[in-house]
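The values are calculated or read from the model by the stated rules, or taken from the named source; none is laboratory data. Because the structure is predicted, anything quoted here is derived from the model rather than measured. Neighbour counts run over all protein chains shown; Cβ positions are idealised from the backbone, glycine included.
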């Protein structure tokens, strides 16, 4: 307290400098400071980083190969050798769970990236230009949103086929309407503000106004949307794989590991074959959603610093 | 009011057209030649190129895309969805038969979402920052993150396998009586696990709406004139807080349909979800098209009803455009 009261130096110029340094925070610093106050979001972020590291460096955390079968070690319950037991083909479940995280997170991030890029482009064009192009894009958005998400994904998977690339493209290619609507709404209200008028008066081309002037103002709500898109994509992949229309075996993903639980004997007597994947999915999605919530609050300009 | 409904109805017509066009074109780009489905596998080796060409002409498959789309649309308008490739049954009959099982499941889940979600939302909304508020709001966050296939599996594992309170799937006891009680007994667990997300979401929105309404001046006025708290809470606050929640409740259908696909798989429920999943894995295109169309029409209908219901209870929306 008293330290703050008396300045460290009496040199006036230096005091001004120190004060200026203390006061100027970049928007990222402000957001980080406010994010840290959200204890649950911070804990979630740490858990998430741990999960991501385990998935990315999966070979370092296990002695086994995820696809190596050992017929002698079939359907073992968890023990010292196999922490999460083994499945009906003698594959180590701990290994399959952490390797499964690789695919699940990869799909989540890649699909969210695709849907965000499509959503931002369509939403920006729609909101900025309005009129006919807005009407056309919005009607297409309405049409895509008319189909329940998993239904249209399954339809496209049945036509285009399954596999990692297809699953990423299907999820990313069908999740953009929500982002488009969000971005369009932001552009609609921002395009009439003075700074856009100023940019236009200076004769800047439309794409610079769209990308450099308006887009940074949309980043706050967009960031939270991106995190929710990642968790939605992880769940979509898990859902598709659970139904056998996602990423085919033997590649492990949390979804196709949970497919084991569709057999009543496994569900009943061998919970180690599906529960770790279910808990991993749930934890990851919950953490991402908490982080998204924290981000939304931290980036909300309405809130008092 | 009539004008408003008419306007909402007209907006939906082009969307419905685009939906049919999208469904038809999706199947059009599917790999594989549809004409092959008309030739039985054991006859395939005796079939010549000319035979296939003749068959193509007879079934109208040689005509251009738009002509076939127009004819298909014409039959669709008469309720003709064609025949299943696999079941040798009319698609509309298949859909009606499976819809009879799905509607009770989705209806029960929807009702649980409305009743439990809204009452819990009011309950915690009136007790902000209490222990109840923290625990239930925290639980609702968990509920919102649980997908139907995990809530379905965990529900089945805990309440059926471990505790033995409910049957492990199926719609009625095999060989048993087909009483209403038995059907309800089989319905509770699938419907409840399907409702988890709805309950959580409705609760959160209701809580938020209550908190907002309780800050309004007319609530202060009601309190100041000495009205009993119960009247203030339920007559003044809850009724107004329900308005925005109507939209949330009405727009939950797509989520419910998606959840039903998983729940029906997990609980061996012979509804639309399992019909659809079988069609998808068997590449049964007429059924895939039919189910997509039925769901799309249901969603459009639900959106329309929500708009109308909202405008009926809140006349303000009819005057803005």
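The table below gives the values:
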| quantity | calculated |
| --- | --- |
| Unique residue being more than 12 Å from chain B (Cβ to nearest Cβ), surrounded by 20 or more Cβ atoms within 10 Å (Cβ to Cβ) and farther than 22 Å from residue B:169 by Cα when the list is A:232, A:224 | A:224 |
| Residue within region B:302-319 that is closer than 16 Å to residue B:106 by Cα, within 14 Å of chain A (Cβ to nearest Cβ), touching a helix residue (DSSP H, G or I) at 6+ places or on another chain (Cβ under 8 Å) and assigned to a helix (DSSP H, G or I) present | yes |
| Odd one out for residue A:78 among (1) touching a helix residue (DSSP H, G or I) at 6+ places or on another chain (Cβ under 8 Å); (2) without any contact (Cβ under 8 Å) to a residue 60 or more places away in the chain; (3) assigned to a loop (DSSP other than H, G, I, E, B) | (2) |
| Residue check, residue A:127 farther than 30 Å from residue A:104 by Cα, crowded, with 23+ Cβ neighbours inside 10 Å and touching a residue at least 12 places away in the same chain (Cβ under 8 Å) | yes |
| Filter result (farther than 21 Å from residue B:147 by Cα and not in a helix (DSSP H, G or I)) within region A:250-304 | A:250, A:251, A:270, A:300, A:301, A:302, A:303, A:304 |
| Some residue of region B:50-62 being within 14 Å of chain A (Cβ to nearest Cβ), assigned to a loop (DSSP other than H, G, I, E, B) and modelled with pLDDT under 80 | no |
| When residues of region B:169-206 are limited to those that are within 14 Å of another protein chain (Cβ to nearest Cβ) and at pLDDT below 75, the one surrounded by the most Cβ atoms within 10 Å (Cβ to Cβ) | B:169 |
| Residue match in region B:81-91 (condition: touching a residue at least 40 places away in the same chain (Cβ under 8 Å), touching a helix residue (DSSP H, G or I) at 6+ places or on another chain (Cβ under 7 Å), assigned to a helix (DSSP H, G or I) and within 30 Å of residue B:189 (Cα to Cα)) | yes |
| Identity of the residue in region A:253-273, crowded, with 24+ Cβ neighbours inside 10 Å and closer than 26 Å to residue A:155 by Cβ, that ends up farthest from the chain's Cα centre (by Cα) | A:261 |
| Top-ranked residue of region A:135-173 - restricted to ones that are in contact (Cβ under 8 Å) with a residue 12 or more places away in the chain and outside any helix (DSSP H, G or I), ranked as nearest to the other protein chains (Cβ to nearest Cβ) | A:162 |
| Residue that is closer than 21 Å to residue B:111 by Cβ and assigned to a helix (DSSP H, G or I), where the choices are B:249, B:280, B:297 | B:249 |
